[in-house]
Amino acid sequence: MEEYDVTIIGSGIAGATVARELSKYKISVLVIEKNSDVGLEMTSTNMTLVCQGGDSLTFRPGTLHAELNVKSIPLWPKLTKELGVPFKRIGGLGLIRDKADYLKFLKMYSRAFKSSLKPDAPYYISEKDFQPLQFLDRRSLRELEPNINPKVIGALYDPNLAVTDPIKLTKALAENARANGVDFLLENEVKHVERKEGYFVINTDKTSVKSKFVVNAAGINVDRIAEMVKARNFTYVPTKGVLTDFDEETSEIFRHQAFYLPRLGEPHVKAVVPIIYGGLRVGIYLDFVMRSDKNLPPQGLQHNLNVIKEIVPDYPFEKHIKRTFFGIMPLTNAETGWHDFIIDIPEHVPNWINIVLGPAGVSASPMLGEKVVELLSMSGLYLEPKPNFDPSAKRGVRE
Ligand SMILES: Cc1cc2nc3c(=O)[nH]c(=O)nc-3n(C[C@H](O)[C@H](O)[C@H](O)COP(=O)(O)OP(=O)(O)OC[C@H]3O[C@@H](n4cnc5c(N)ncnc54)[C@H](O)[C@@H]3O)c2cc1C
């Protein structure tokens, strides 16, 4: 049986970013992935936004969600350059319809970045890493977006907001980890894990491996994998998010990310995002579901069409639909409405780390690897840096 210092279960953005971070050290690392390639689950079915911290209502200070997202902000340009992955600042528009919207955005504006500007803040970000947010009146908004709904009276503009290609990023992270010595087992589904004295035995449908440490990054299946060694100390609600892509011609019609604030009785997200390669992605029709639910709800497309028409009324978007699809994400703390990431070692199962991302997990990924390295190091894994780590090298994960 092959033996490893660390085995990572799952190769979405979480598993791949952890693999790359660990490939900087002189340890043996294995990634096990059930699919024939990396990044094909949640990581391939999202809005592709790289949140930049301006949305401080979501990034509530004191949460892991805020900490990892804010700390990731300055890392994005360098990381994507090193790996040759597209990263583009598109700018975000919080659309204002009335006074109530304006007051909410004013609160958001007054909080934006504040928690992170002081050098002694828990997640400090220097002023050179972002442009200040600004309010746009009707005329300035129309200069940016001439086709915007005339009922929109202004916007809170975040010039920092960016998009990327999460699948390409995941592949690049995995291929870089592979070039720096990490092994990959694709088309191997973890079926059973045994906890022994000082190590784990991980059994897939094809083979078994021994590992001193395990990083459980199995996406929507994190809880099931954790359950195998009684390491599930969390719950989450699988939440389906339906998205619709519109063709490249629509890039000429609208150029920024834009969203309406949620209102009572409107539980679904209303947002549009320019896709990095052209076209628009619109959503998100949300539904709490069983994770095995593979149905595409017809209300999803209708909701998404209504959203884009509420943002740009006079354009025949029906004729430009490319595809409608969904992703399922884990929402923690669903009962309170404050989702947070989980990245921790359950007290009673040492040497085991669970990672639950959910919303904004791609955005937080640059810092995630460092967080896991910190936890492994605190658990006693000796991490000596490799002097020959190459940040840009690539090797196919099948080689
Ligand atoms: C509709 C929607 C919109 C979103 N929009 C954004 C956005 O704009 N910006 C943002 O930052 N985030 C967004 N997110 C969140 C983001 O997509 C996730 O946080 C992120 O992709 C989670 O990555 P992951 O690696 O944890 O999970 P996954 O990508 O699902 O990876 C888990 C991997 O584990 C593998 N696996 C599972 N079980 C096993 C097993 N038994 N054996 C072996 N392998 C296994 C799977 O095959 C998979 O490859 C969105 C999510 C959704 C659903």
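Some values worked out for this structure:
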{"quantity": "Strands (runs of 3 or more DSSP E) completely within region 289-399 that count 3 or more residues being outside the structural domain of SER28 (by TED's automatic domain parsing)", "calculated": "321-331"}
{"quantity": "Residue check for GLY300: closer than 18 Å to ILE253 by Cβ and within 14 Å of the ligand (Cβ to nearest atom)", "calculated": "no"}
{"quantity": "Residue in region 240-248 that is at pLDDT below 95 and either over 22 Å from VAL362 (Cα atoms) or of a type in the set (Val, Ile, Thr) (or both) present", "calculated": "no"}
{"quantity": "Residues within region 97-114 that are of a type in the set (Gly, Ala, Ser), within 22 Å of ASP129 (Cα to Cα) and either in contact with a Leu (Cβ under 9 Å, 6 or more places away or on another chain) or modelled with pLDDT of 85 or more (or both), tallied", "calculated": "1"}
{"quantity": "Residues located in region 194-230, provided they are part of a loop (DSSP other than H, G, I, E, B), among the hydrophobic types (A, V, I, L, M, F, W, C) and within 12 Å of the ligand (Cβ to nearest atom)", "calculated": "ALA217, ALA218, MET228"}
{"quantity": "Any hit, region 241-264, residues being in a loop (DSSP other than H, G, I, E, B) and within 12 Å of the ligand (Cβ to nearest atom)", "calculated": "no"}
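Matching residues to (1) within 16 Å of the ligand (Cβ to nearest atom); (2) under 20 Å from CYS51 (Cβ atoms); (3) surrounded by fewer than 23 Cβ atoms within 10 Å (Cβ to Cβ); (4) among the hydroxyl-bearing types (Ser, Thr, Tyr):
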site: GLU145; (1), (2), (3), (4): no, no, yes, no
site: ASP158; (1), (2), (3), (4): yes, yes, no, no
site: ALA174; (1), (2), (3), (4): yes, no, no, no
site: ALA177; (1), (2), (3), (4): yes, no, no, no
site: LEU185; (1), (2), (3), (4): yes, no, yes, no
site: GLU189; (1), (2), (3), (4): yes, no, yes, no
site: HIS192; (1), (2), (3), (4): yes, no, yes, no
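For (1) surrounded by fewer than 22 Cβ atoms within 10 Å (Cβ to Cβ); (2) over 28 Å from MET290 (Cβ atoms); (3) more than 23 Å from the chain's Cα centre (by Cα), each residue gets a yes or a no:
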position: ASN203; (1), (2), (3): yes, no, yes
position: ALA217; (1), (2), (3): no, no, no
position: ASN221; (1), (2), (3): yes, no, no
position: LYS230; (1), (2), (3): yes, no, yes
position: ILE253; (1), (2), (3): yes, yes, yes
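The values are calculated or read from the model by the stated rules, or taken from the named source; none is laboratory data. None of the values given here were measured: they were computed from a predicted structure. Every residue, glycine among them, receives a Cβ derived from its backbone with ideal geometry; neighbour counts consider all protein chains shown.
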